[in-house]
Amino acid sequence: ENAQALGRIVIDMEATLSGRAPVALRDGDAITIPRRPAEVTVLGEVSYPTTHLYQEDFSYKDYLQQSGGFSSRADRGSTFVVRINGEVSALDRADAPMPGDVVIVPFKIDRGRGLFLTSTIAQIIGQLAITAASFKTIGIF
């Protein structure tokens with residue numbers, strides 16, 4: 001009750017309306033119930049991020065394929081779903097798609113590449129320093 005919420009709060013409306021999970025509201029709070037959507041959106045690292053009409057017999061894989069599949073930069077294992085009520089779950093743990101779902105495919109961050117690049121730059125600088133010291137020793141500089 002004392003927490004300061006920012007943005008949206010996930011509310012189980014069935015539990016709230018039945019009294020099992022009361023919601024504390026303050027002056028100025030508003031509850032917005034959006035219209036029932038008829039689409040599933042796929043965003044992020046796919047070939048063609050877009051919104052598709054919801055089809056009851058479709059899986060998340062079908063929606064991903066309709067968006068051209070994963071791009072080469074996709075972090076497939078970190079793909080997640082944001083449900084219309086604000087709940088977030090990993091794609092592999094999400095239930096069947098529902099209207100209003102948003103599938104998000106994040107960019108794959110290659111942590112090893114940064115280390116490789118840093119190491120290569122350090123080697124080049126070190127070799128340049130040795131070359132400069134050698135030239136100074138033999139009197140070229």
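The values are calculated or read from the model by the stated rules, or taken from the named source; none is laboratory data. Because the structure is a prediction, the values reported are computed rather than measured. Quick reminder, even Gly has a Cβ in these numbers, built from the backbone with ideal geometry, and neighbours come from all protein chains shown. Surface accessibility is based on the protein's heavy atoms, side chains included, excluding ligands, DNA and RNA. Shrake-Rupley method; radii C 1.70, N 1.55, O 1.52, S 1.80 Å.
For this structure, a couple of remarks:
- If the convex hull is drawn through the Cα atoms of the chain, its volume per residue in Å³: 219 Å³
- Taking amide H positions as modeled 1.01 Å from N, with prolines and chain starts lacking one, the residues under 5 Å from Ser71 and 5 or more places away or on another chain are Val46, Ser47.
- Each residue of the stretch 62-71 was assigned a 3J(HN,Hα) from its phi angle through the Karplus expression (A = 6.51, B = -1.76, C = 1.60, θ = phi - 60°), giving 4, 5, 4, 5, 5, 8, x, x, 5, 7 Hz with x at Gly and Pro.
- Entry note, the chain: relative contact order of 22 percent, from Cα contacts under 8 Å with a spacing of 6+ residues.
- Here the Gaussian network model covers the chain, with springs between Cα atoms less than 10 Å apart; of Phe58, Phe116, Phe80, Phe116 fluctuates the most.
- Farthest toward the positive end of the dipole of the stretch 16-94, out of Ser71, Ser47, Ile33, is the Cα of Ile33, where the dipole comes from beta carbon charges about the Cα centre.
- The charge dipole of the chain, taken about its Cα centre with unit charges on the Cβ atoms of Lys, Arg (+1), Asp and Glu (-1) only, comes to about 800 debye.
- The GNM of the chain, with springs linking C-alpha atoms under 10 angstrom apart, assigns the highest mean-square fluctuation among Ser59, Ser119, Ser78 to Ser119.
- Remark on Glu39: its backbone amide H falls under 5 Å from those of Tyr54, Gly100, a criterion applied only to residues 5 or more positions apart or on other chains, H modelled at 1.01 Å from N.
- Between Ser119 and Arg76, the C-beta separation translates, for a Förster distance of 30 Å, into a calculated FRET efficiency of about 0.65.
- Local net charge near Gln55, Cβ-Cβ under 13 Å (Lys/Arg +1, Asp/Glu -1): -4
- Of Arg93, Arg83, Arg26, the residue with the greatest mean-square motion in the GNM of the chain, using alpha carbon springs below 10 Å, is Arg26.
- Accessible area (Å², per residue) of the chain, counting only protein heavy atoms and a probe of 1.4 Å: 78 Å²
- Share of carbon and sulfur in the accessible heavy-atom surface of the chain [1.4 Å probe, %]: 56 percent
- Cα long-axis angle, helix 111-137 against the chain (0 to 90 degrees, to the nearest 10): 20 degrees
- Extent along principal axes [Cα atoms of the stretch 49-119; Å; largest to smallest]: 51, 25, 17
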